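Read-outs: derived from the displayed coordinates by stated rules, not from any lab. Just so you know, these numbers come straight off a predicted model, no measurement behind them. Note: ideal-geometry Cβ built from the backbone for every residue, glycine included; neighbour counts use all protein chains shown.
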Amino acid sequence: MRDVAVIGVGMTPFGKHLNRSLIDLMLEASHKALMDADALDAPIDALYVGCMASGMLCGLQNTATLLADELGIKPQTVERIENSAASGASAILNAYLAVASGLYDIALVVGAEKMRHLPTSEATRAIASMTHPEGERPHGVTMPSLAAFLTRLYMKRYGLTREQLALVAVKNHRNALLNPYAHLRKEITVEDVLNSRVVAEPLRLFDCSPISDGAAALLLAPMERALEFTDKPAVIRGVGQAVDRVMITERDDPLTLKAVKEASRRALRRAALSIDDIDVVELHDAFTILEIVESEDLGLFEKGEGGIAVEEGLTAIEGERPINPSGGLKARGHPLGATGVAQAVEITWQLRGEAGERQVRDAERGLSCNISGFAANAVVIVYERGW
Amino acid sequence: MGFHLKATRCRLCGAIYHPPRSICHRCGPRSKGHLEMVELPDQGRIITYTVLHYPPEGYPSPMVLAVAEIGGVRLIGRVVDAEAVEEGCRVEVVKGEGETPFLLRRIDVK
Ligand SMILES: [Zn+2]
């Protein structure tokens, strides 16, 4: 296996793009990544598109090939990867494997989703298509209801307070204010969270990530060729993926996200690193509770201590364990298939020292965690400065 | 009267599944053909719950959704005729309506 580097990144602002098509968003992100790597004339060997539901949301299939056609490239392999909300990281994983194996040299990864043109009820239905078709969906189960179950169980067992939970949203909104690509750039207070409308008790609107449009892109190359394109390649040190039972009711302990735990262990082992070596983390906070539980299952904190860590400011940009300097899914926004790629884009900027006011000091190594379903599938990637 | 849900039980390891499955997750593919139909009891207990204010179209709002333990199996179901429930409170399984295969109804503690 060869070392693989991220040589170019780009993304659209996340938010509402009512007058633009899904392909148009993908084109913008792709073109930015190619320009970033100064690779507009480089032959692209493979294109992997992470997109959860272009069919359901935009009436579009054959999506990856259409993008290649519009982008004016003729890669040997062109595919769309679907792994629900982790489609983005799964697309990176596929591109990584193709380059690491030696089969291809230059691989473009694009993650995207367009959802805001639909009424909320239809977008919610599309998102709920990742729930279990028999055990959950016929009962009216939505993603927020699963997050609510997890929150209530967690609060009861570990004494997490409603305020600690709200602080996750407050922190991520504060970070997003420093991110020009973020969907929700508005500072909020604990009171704002606690006064927002109830979605699924005890979760409120500000505990949930928004429905967003957007695209993000990465260009990968073997490390041995990376310096042809950039003087600051971010090396992918390790990748890890794992699955868990689809329904949380069938998990031995619903408060441990085993897929996250195992994917993280695998990625770090392949990177020959420990979680303590990681300077910056982007994780999948589709709901505030998920940031807390994932931070524990990634090994950043002991089980039950994630809430206290947020309260003590450990997860802030200037804290000991910075989490989601981009604003996370909560405030950067969550265009499903784009999220995993946007996480990689953020980590790359952080390693290069290009994150502006939200820069984590001396960030040399980063980790991203993207989950599918309700953490039934997780993809963790470890990155390191390659210069 | 309560409603007895059909579940499957693995003859190799005893695990019970609802929704019913033809393969046991614990034993894997070799368990195909080794699962038998069983009936769950018509009563159980609530483990946790939420009041959902933005349910999918066609469902009442707000609605109470609960995780209940019924005969050793954890199920998600909608609780009818109750504005609130608590962890530990007893429920019975009743026949569902439309696409919903079953509902839960609170049994008041005496
Ligand atoms: Zn079995």
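Observations on the model:
- Ordered by the count of other Cβ atoms within 10 Å of each Cβ, fewest first, A:369, A:58 give A:58, A:369.
- By the rule of a C-alpha distance below 16 Å, with chain neighbours fewer than 8 residues away ignored, the aspartates and glutamates paired with residue A:186 are A:207, A:357.
- Counted by neighbouring Cβ atoms within 10 Å, the residues A:56, A:247 run from fewest to most as A:56, A:247.
- Within chain A, DSSP assigns beta bridges of which about 70% are antiparallel (rounded to the nearest 5).
- All-pairs alpha carbon distance profile, chain B, 10 Å steps from 0, percent: 15, 41, 30, 14, 1
- Estimated dipole of the protein assembly as shown in Debye, rounded to 20 [Cβ of Lys and Arg +1, of Asp and Glu -1, Cα centre]: 1280 debye
- Placing dummy labels 7 Å off each Cα toward the beta-carbon, the span from residue B:43 to residue A:56 is 3.9 nm.
- log₁₀ of I(q)/I(0) at q = 0.13, 0.15, 0.21 Å⁻¹ - the range A:106-215, Debye sum with one point per alpha carbon: -0.63, -0.82, -1.26
- Using only alpha carbons, chain A has a radius of gyration to Kirkwood radius ratio (Rg to Rh) of 0.94.
- Under the simplified labelling scheme, the residue A:274-residue A:122 pair shows an inter-label distance of 5.2 nm, with each label point 7 Å from Cα along Cα→Cβ.
- With the convex hull of its Cα atoms as the shape, the range B:43-106 has an orientation-averaged projected area of 4.0 nm².
- Under 14 Å from the residue B:84 label point (7 Å along Cα→beta-carbon), backbone N, the range A:190-208: A:201-202
- Förster-model FRET efficiency, 35 Å R0, residue A:194 and residue A:24, C-beta, rounded to 0.05: 0.35
- Local charge for residue A:37 was computed over the other residues whose Cβ lies under 12 Å away, with Lys and Arg +1 and Asp and Glu -1, and equals -2.
- Dipole of chain B, positive direction: furthest Cα of B:61, B:4, B:103, with charges on the beta-carbon: B:4
- For the range A:251-387: rounded, prolate or oblate by the Cα gyration tensor [a/c cutoff 1.5]: rounded
- Among B:23, B:70, B:93 - extreme Cα towards positive end, dipole of chain B, charges at beta-carbon: B:23
- Peptides A:280-291, B:96-107 ranked from most to least packed, by the mean per-residue count of other Cβ atoms within 10 Å: A:280-291, B:96-107.
- Per-residue mean of C-beta atoms belonging to partner chains within 10 Å, peptide A:145-155: 4
- Per residue of peptide B:73-85, the mean number of Cβ atoms on other chains within 10 Å of the residue Cβ is 3.
- Note on A:101, A:326: ascending count of other Cβ atoms within 10 Å places them as A:101, A:326, the fewest first.
- Approximate spin-label separation residue B:107-residue A:70, in nm, with each point projected 7 Å along Cα-to-Cβ: 5.8 nm
- The mean number of partner chain beta-carbon atoms within 10 angstrom of a residue's beta-carbon across peptide B:90-103 is 1.
- For a label point 7 Å along the Cα-to-beta-carbon line of residue A:256, residues of the range A:292-331 with backbone N under 15 Å: A:293-305
- Ratio of Rg to Rh over the range A:29-106 (Cα coordinates, Kirkwood Rh, two decimals): 0.96
- In the range A:19-149, the inverse of the mean reciprocal separation of distinct Cα atoms equals 16.0 Å; this is its Kirkwood hydrodynamic radius.
- Relative packing of peptides A:22-28, B:27-33, A:159-165, A:145-151 - highest average C-beta neighbours within 10 Å first: A:145-151, A:22-28, A:159-165, B:27-33
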